[in-house]
Amino acid sequence: MTRPKLLIDCDPGHDDAVALLFGARHFDLVGVTTTHGNSSLANSTRNALALLELGGIDVPLAEGFAQPLVGATVDAAHVHGKSGLDGHDLPPPTRKPIDAHAVDFIIESARRHQGELILAVIGPQTNVAVALKREPKLRTWLREITVMGGSAAGGNVTPAAEFNIYCDPEAAAVVFGCGVPIRMVGLDVTRRTGFDDADIARLRASGRRVAGVIADLVSFYLARQRAVFARAVASMHDVCALVPYVDEALLETDGAIVRVECAGIHTRGATVCDVRGARHLTVPPVRLAVRSDARRLIDQVIDTLLNYP
Ligand code: BDR
Ligand code: CA
């Protein structure tokens, strides 16, 4: 069976790291683009390159925007540490980003793989929004956009907003309104879908290099998730946007019309998800993830990580 073509737009990030390694094993990964988000753009790019080297993944990486469309950058150092990927000091990457902006790389990849490319957006959506504005045909070239972002019920960075959307709500509004089929995997399923102490122990006990590095990284991240959100698991938000292409049964979805709140005082960055089944609206509904088979999903992710040397 041919593997689906995938481009990952990310801000690694502990859960981005797991998503990159998972994506490279299950998809035909055509490249990676980086964005501001969990940490500075420079940190995102360095971390992404270091992770690609860790996994022996030889794909182009294009750097994107350091700032949102409007307003100041927000980061998540309280969750991912100062480097964006605290917990294990990966060797500095030997490779560099390609000499093209993420926006141009996204457009060119979609043009080359028309009708086939899945774009996974697992950080703030600035690069994708600008690409959609720059090349109006992009919306017809993409097969689908899969988003880790948003929530139908409550946020993480504020009571109303999920981090990726909050970092650039104007960009997210462009993406959710673009007309490309969208799969939205938000906090409703991702915050409960994560690694626990036993999962980390399993990775470590394997004695494999990649699994050991991920165990170190996730230990740090789990401690922060406990301290900041009182969570029992280290939420693997980002990989949840990829797993349905490998096993559709791992996530249950519902049709929803999704609007992004750009104006609210207390609700800026919230995703307003209309699941009433309204038939009068002309925009195609988003496939909103509403439930995950968390245990099976995480086991599938761990099996994949254990496949690395
Ligand atoms: C999202 O925000 C980031 O901190 C994670 O990498 C994930 O993409 C979860 O809200
Ligand atoms: Ca992310």
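For this structure, a couple of remarks:
- Diagonalising the gyration tensor over the Cα atoms of the range 52-119 and scaling each eigenvalue by 5 before taking the square root yields semi-axes of 25, 20, 12 Å, largest first.
- Applying the Kirkwood pairwise sum to the alpha-carbon positions of the range 171-266 produces a hydrodynamic radius of 15.8 angstrom.
- Mean residue ellipticity at 222 nm, helices only, the chain: -11000 deg cm²/dmol; runs of at least 4 DSSP H residues each add -39,500 (n - 2.57), and the sum is divided by the number of residues.
- The chain: antiparallel DSSP beta bridges as a percent of all, rounded to 5: 35
- log₁₀ of I(q)/I(0) at q = 0.12, 0.13, 0.14 Å⁻¹ - the chain, Debye sum with one point per alpha carbon: -0.71, -0.84, -1.00
- The share of accessible area on the chain that comes from carbon and sulfur is 51 percent, using a 1.4 angstrom probe.
- Calculated FRET efficiency for the pair E252/R276, C-beta based, R₀ 25 Å, to 0.05: 0.90
- Counting only protein heavy atoms and a 1.4 Å probe, the range 196-237 has 43 square angstrom of accessible area per residue.
- Placing a pseudo-label 7 Å from each Cα along the Cα-to-Cβ vector at D299 and A42 gives an inter-label distance of 4.5 nm.
- Its Cα gyration tensor gives the range 17-70 an equivalent ellipsoid; the semi-axes, largest first and in whole Å, are 21, 11, 9.
- Computed over the range 1-142, the quotient of the alpha carbon radius of gyration and 2.2 N^0.38 Å is 0.99.
- Dipole magnitude (debye, nearest 20) for the range 212-309, charges at Cβ of Lys, Arg, Asp, Glu: 420
- Gain on full extension, evaluated as 0.36 nm per residue between A201 and I265 minus their Cα-Cα distance, stands at 18.7 nm.
- Ranked by how many other beta carbons lie within 10 Å on average, peptides 174-187, 256-269 from highest: 174-187, 256-269
- Of the DSSP H helices in the chain, those whose Cα atoms cover at least 27 Å axially and whose Kyte score averages -1.0 or more: 209-229
- Computed FRET value (nearest 0.05) for V74 with E53, which takes r as the C-beta separation and R₀ as 25 Å: 0.35
- Put simply, when 75-87, 194-206 are sorted by average Cβ atoms within 10 angstrom per residue, most first, you get 75-87, 194-206.
The values are calculated or read from the model by the stated rules, or taken from the named source; none is laboratory data. All of these numbers come straight from a predicted model, not from anything done at the bench. Backbone-built Cβ (ideal geometry, glycine too); neighbour counts: all protein chains shown. These accessible areas exclude ligands, DNA and RNA; they are computed on the full protein's heavy atoms, side chains included. Shrake-Rupley method; radii C 1.70, N 1.55, O 1.52, S 1.80 Å.
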